[in-house]
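K.L.:
Submitted below is the structure of interest, expressed as structure tokens.
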Amino acid sequence: MTAQALLGQTCPSPSALWSGLDERREILNHHLPSHVLSHQAPLEAYPHAIHSGHTYRPEWEEEFLALEKVYAYLAQGRWFRSIRSNGFFGLGGYRYYIGKCFAQRSVAVRFDPDALVLTCLPEGSEETIRLAAQGLTKAELMGELAALQALPNYQLALPFSLEAWRQLEYAHNLTGTTL
């Protein structure tokens, strides 16, 4: 969407920018067919995806992320990787050491949701190797949310929480006072 609606474009006002983004999102989601979706637009293929059913706030997302569901989803997969000459293979942006004795072979990998390990079966071996899965904490899956939350707030988030409303009222009552 960035390449299609922002790069190289100029907008006379912020409202014109938002209007253009809304129009492009409408086209991408409702009208533009995708080869992966059997030549349907995303919301034609998955009409229920139009809204998640809850308000989006980055700071609330952590409580909505159910790691058990992530683990169950990963347990359905099976991946095949090549083992490098140094005994490592890569999966999901992480490097795993399986041993130099398996170098230059392929490995079949499954995820064990109970033990949170990768079960690896190198080509030509009957030995199953279990490696601790990496990158499956909420912090790692969600990215740098903590860094965003540490930034100063220049605008109060809506809808106001009771705490935010209370702080706003204190700020109004302190207007015009000196220390």
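K.L.:
For region 62-81, which residues satisfy the criterion of being more than 19 Å from Glu144 (Cα to Cα) and open to solvent by 90 Å² or more (accessible area, probe 1.4 Å)?
P.N.:
Scanning region 62-81 gives Glu68, Lys69, Tyr73, Gln76, Arg78, Phe80.
K.L.:
Here is a further query. When region 1-25 is examined, which residues are found to be among the hydroxyl-bearing types (Ser, Thr, Tyr), over 21 Å from the mean Cα position of the chain (by Cα) and in a helix (DSSP H, G or I)?
P.N.:
Selection gives Ser15, Ser19.
K.L.:
Counting only residues that are within 30 Å of Gly77 (Cβ to Cβ) and modelled with pLDDT of 70 or more, how many does region 145-179 have?
P.N.:
Selection size over region 145-179: 0.
K.L.:
If I ask for residues that are touching a His at 6+ places or on another chain (Cβ under 9 Å) and not aliphatic (A, V, I, L, M), which ones from region 1-48 would you list?
P.N.:
Result: Pro33, Pro42, Glu44.
K.L.:
Given the conditions (1) open to solvent by 60 Å² or more (accessible area, probe 1.4 Å); (2) touching a residue at least 12 places away in the same chain (Cβ under 8 Å), which single one is not true for His48?
P.N.:
(2)
K.L.:
Name the residues in region 92-115 that are modelled with pLDDT of 95 or more, open to solvent by 70 Å² or more (accessible area, probe 1.4 Å) and not in a strand (DSSP E or B), would you?
P.N.:
Selection gives Lys100, Cys101, Gln104, Arg105, Asp114.
K.L.:
Here's a follow-up. Which one is most open to solvent (accessible area, probe 1.4 Å), of the residues in region 116-136 that are without any contact (Cβ under 8 Å) to a residue 12 or more places away in the chain and closer than 25 Å to Leu67 by Cβ?
P.N.:
Filtering region 116-136 for residues that are without any contact (Cβ under 8 Å) to a residue 12 or more places away in the chain and closer than 25 Å to Leu67 by Cβ, the one most open to solvent (accessible area, probe 1.4 Å) comes out as Thr128.
K.L.:
From Glu59, Glu26, which residue is within 30 Å of Ala139 (Cα to Cα), open to solvent by less than 100 Å² (accessible area, probe 1.4 Å) and among the charged types (D, E, K, R)?
P.N.:
Glu59
K.L.:
Here's something else I'd like to know. Regarding region 26-46, can at least one residue be identified that is part of a loop (DSSP other than H, G, I, E, B) and either in contact with an Asp or Glu (Cβ under 9 Å, 6 or more places away or on another chain) or closer than 30 Å to Asp114 by Cα (or both)?
P.N.:
yes
K.L.:
Taking region 54-79, which residues are part of a loop (DSSP other than H, G, I, E, B) and either more than 21 Å from Leu116 (Cβ to Cβ) or not charged (D, E, K, R) (or both)?
P.N.:
His54, Thr55, Tyr56, Arg57, Leu65, Ala66, Gln76, Gly77, listed by residue number.
The values are calculated or read from the model by the stated rules, or taken from the named source; none is laboratory data. This structure is a prediction, so every number in the text was calculated from the model and none was measured. FYI the Cβ positions are ideal-geometry reconstructions off the backbone, even for glycines, and counts take in every protein chain you see. Remember, those area values only see protein heavy atoms, side chains included, never the ligands or the DNA or RNA. Shrake-Rupley method; radii C 1.70, N 1.55, O 1.52, S 1.80 Å.
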